[in-house]
Amino acid sequence: MSKKKLWSLALLTMLVLSTILAGCQSDSSDGNGEDNGEPKILVFGRGGDSVSLDPATVTDGESFKVTQNIFETLVNFGKQDTEINPGLAKKWEPSEDGLTYTFELEEGIKFHDGTDFNAEAVVANFERWANGSGEDFYYYSSMFGGYKGDEGHVIESVTADGDYKVVFKLKRPQAPFLKNLAMSPFGIASPKAFEEQGAKFGDNPVGTGPFKFVEWKRNDSITIEKNEDYWVKDLPKLDKVVFKAIPDNSARLNALNTGEIDLADGVNPADGKSVEGNSELQLFERPSMNVGYLGLTSTRPPFDKVEVRQAINHAIDKQAIVDAFFEGRAEVAKNPMPPVISGYNNDIPGYDFDPAKAKALLAEAGLAEGFEMELWAMPVPRPYMPDGQKVAEVIQSNLADVGIKAKIVTFEWATYLEKARNGEADAFMLGWTGDNGDADNFLYVLLDKDNIGSNNYSYYSNDELHDILIEAQSEVDEDKRNELYGQAQEIIFEDAPWVPLAHSTPLLAGKANLVDFLPHPTGSDKLAEVDFK
């Protein structure tokens, strides 16, 4: 064969190969590793870092966002509601008197460290929490009335009946018992891991969930990866999830636009329309089940006077706050729980914006000249409070108009929560996203005297309210429960331990090719079924 023919053949071969390669490239997908053999990685931008990855020791949503995907509970909520579904327990049977619950567990499940999930592991977790204190597992106390040995502790015993059956005996019926068990704080952890690690377990969490913990870079990112031995077939679909802390809402949305992240929590209401108009993105609305509020620490003078607390309620223009910062995606709050919760009392009139009335109440309290106070502003955006600093400035201005000089202060998020929980604030901005869809999770958890020093940051105590809330917990008739909760809200309204501000519809934004992401009303999203199309 001549050199000319050889050259022609080589050239033809090169052209054919380049065409084949070009065709292969055009058929593959770009980004996120979908369909091209690369790992599927979701980068989830959020407003702040987690406090701990031991879910039993925290109450903040940023921690639960992560732990929800590492740990699993005995029973689950529905995909976008708080109806009870199977979880690590495939069946359960309550006794007729509501004092015994028997759970039949799934078999063959392993913790991430290779140890067995079984009835003894469940017992070990509940023993760990019940033997705790307000310094560690304070959420357990909020939901189950205290710790082992306490008079109000609802759980009498938790025992194993063989390898895969657990029996709970209660001292009294607790209407929201199953819903409490489904909450993020009660994810079942590896006993081997928490016994060996002790206080450091929150830095190295080990559960049974679809993702395993990999790395935590403080105030930057937390990485979890696919649990290859997950017990639910074909899940999770993602290979890795990176939770990235980006405190500013606008900066977080910009990171989504530039491709730095794939999903952004805490989208400013004002940015909702721009997201909807961008074909590269999609907007998600989280079902509303929250309240944002200004808490008044009722043990700190002059907030120990009911007239002062009522005056502050009248002094703040809540409608102006909702109009300025929520862009029509919130409603003014008048009760400490949202209208979607059964038992909501719509007959409560709420405190209207009335500076003159506020001044008159201050005069009744002997403070006609006003007083000075600290106003704690949230350092991170939350679903119920998109911009804590700016809302604090509006409140500061409202208070100045009635003679109250408020100095705005703030702290790093974990410190803010700890100091407020310890009763160190005069007034503090905070909020709550419901954990289980029950009125008990708002009224008892946040405002009962049992929970002072845990979730009752306002240190509010009322014996009559306590009796009503305990009766409502133990009442299984829904109509009677709702009547009791209506009475409870009347007492809270008169005592005014909070200024309820807003019930919001939180927004998230994600890439257009993100599929099967379903924001949950509790604020804790399970990511096992999320994928990229």
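The values are calculated or read from the model by the stated rules, or taken from the named source; none is laboratory data. The structure displayed is predicted, hence computed values, not measured ones. Using ideal geometry, Cβ is built from the backbone for each residue, glycine included, and neighbour counts are taken over all protein chains shown. The area values use the complete protein model at the heavy-atom level, side chains included, leaving out ligands, DNA and RNA. Shrake-Rupley method; radii C 1.70, N 1.55, O 1.52, S 1.80 Å.
Which part of segment 466-504 falls in the paramagnetic zone of Thr100, meaning amide N under 14 Å from the point 7 Å along Cα-to-beta-carbon?
none
Of the listed peptides 49-59, 115-125, what is their order by residue-averaged count of other C-beta atoms within 10 Å, with the highest listed first?
49-59, 115-125
Skip the ligands, DNA and RNA, and give the accessible area per residue of segment 129-256 with a 1.4 Å probe, whole Å².
With the other protein chains kept in place, segment 129-256 gives 42 Å² per residue.
When ranked by the protection proxy of mean other Cβ atoms within 10 Å per residue, highest first, what sequence do the peptides 165-175, 77-87 form?
Working: 165-175: 18.5, 77-87: 15.8.
Listed from highest to lowest mean packing, they are 165-175, 77-87.
For segment 258-388, what's the relative contact order in percent, using C-alpha pairs closer than 8 Å and at least 6 residues apart?
The normalised contact order for segment 258-388 reaches 30 percent.
FRET efficiency for Glu38 and Lys390, Cβ-Cβ distance as r, R0 = 45 Å, nearest 0.05?
Between Glu38 and Lys390 the formula returns 0.60.
Using Rg and Dmax of the Cα atoms in Å as the read-out, say which of [x] 25.0, 75; [y] 26.1, 112; [z] 23.8, 69 was calculated from these coordinates.
[y]
At Lys480 and Glu120, where each label point lies 7 Å from the Cα along Cα→Cβ, what is the point-to-point distance in nanometres?
If labels sit at Lys480 and Glu120, their model points lie 4.2 nm apart.
Can you give me the % of accessible surface on segment 417-456 that is carbon or sulfur? Probe 1.4 Å, all protein chains present, nothing else counted.
Numbers: 230 of 750 Å².
Ligands and nucleic acids excluded, carbon and sulfur give 31 percent.
Ordering Val476, Val43, Val275 from largest to smallest accessible area (1.4 angstrom probe), what's the sequence?
Val476, Val43, Val275
Roughly what % antiparallel, to the nearest 5, for the DSSP beta bridges in the chain?
Here the antiparallel bridges make up roughly 75 percent for the chain.
With r as the distance between the Cβ atoms of Lys200 and Glu151 and R0 = 30 Å, compute the FRET efficiency 1/(1 + (r/R0)^6) and round to 0.05.
Details: r = 33 Å, r/R0 = 1.10.
Efficiency, from the Cβ-Cβ distance: 0.35.
What spacing in nm lies between the two simple spin-label points modelled at Glu369 and Thr258, each 7 Å away from Cα in the Cβ direction?
Reported label-point gap for Glu369 and Thr258 is 5.3 nm.
Stretch Arg218-Ala512 to full length: gain in nm at 0.36 nm per residue minus the Cα-Cα span?
102.9 nm
Relative to the first principal axis of the alpha-carbon coordinates of the chain, what is the inclination of helix 119-130, with its axis defined by its Cα atoms, in degrees from 0 to 90 and to the nearest 10?
Approximately 40 degrees, to the nearest ten.
Quick one: pull the percent of accessible area on segment 252-384 belonging to carbon and sulfur, 1.4 Å probe, ligands and nucleic acids left out. List each step's numbers first, then the result.
Values: 2420 of 5460 Å².
The value for segment 252-384 is 44 percent carbon and sulfur by accessible area.
Sketch the reach of a paramagnetic label on Ser397 as a point 7 Å from Cα along Cα-to-Cβ, and name the residues of segment 314-355 whose backbone nitrogen lies under 17 Å away.
Of the residues in segment 314-355, 315-327, 353-355 have backbone N under 17 Å from the label point off Ser397.
So how do 193-206, 416-429 stack up, highest first, on mean other-Cβ count within 10 Å?
So the peptides 193-206, 416-429, ranked by packing, come out 416-429, 193-206.
Share of antiparallel DSSP beta bridges in segment 163-283, in percent to the nearest 5?
Taking every DSSP beta bridge with both residues in segment 163-283, the antiparallel ones total about 100 percent.
Mind giving me the nanometre distance, one decimal, between the label points for Lys419 and Asp354, set 7 Å out from Cα along Cα→Cβ?
Output for this residue pair reads 3.5 nm.
So if each residue of separation counts as 0.36 nm, and I subtract the Cα-Cα distance between Lys79 and Ile408, what length gain in nm does that give?
Result: 114.5 nm gained on full extension.
Report the relative contact order of segment 375-533, percent, no decimals, based on alpha-carbon pairs under 8 angstrom and at least 6 residues apart. Walk me through the intermediate numbers first.
Details: 177 pairs, mean separation 30.7, N = 159.
Over segment 375-533, the number comes to 19 percent.
How far, in nm, would the chain grow between Asp113 and Asn346 when pulled straight, counting 0.36 nm per residue and subtracting the alpha carbon separation?
Working: separation 233, 0.36 × 233 = 83.88 nm, distance 4.98 nm.
Gain on stretching Asp113 to Asn346: 78.9 nm.
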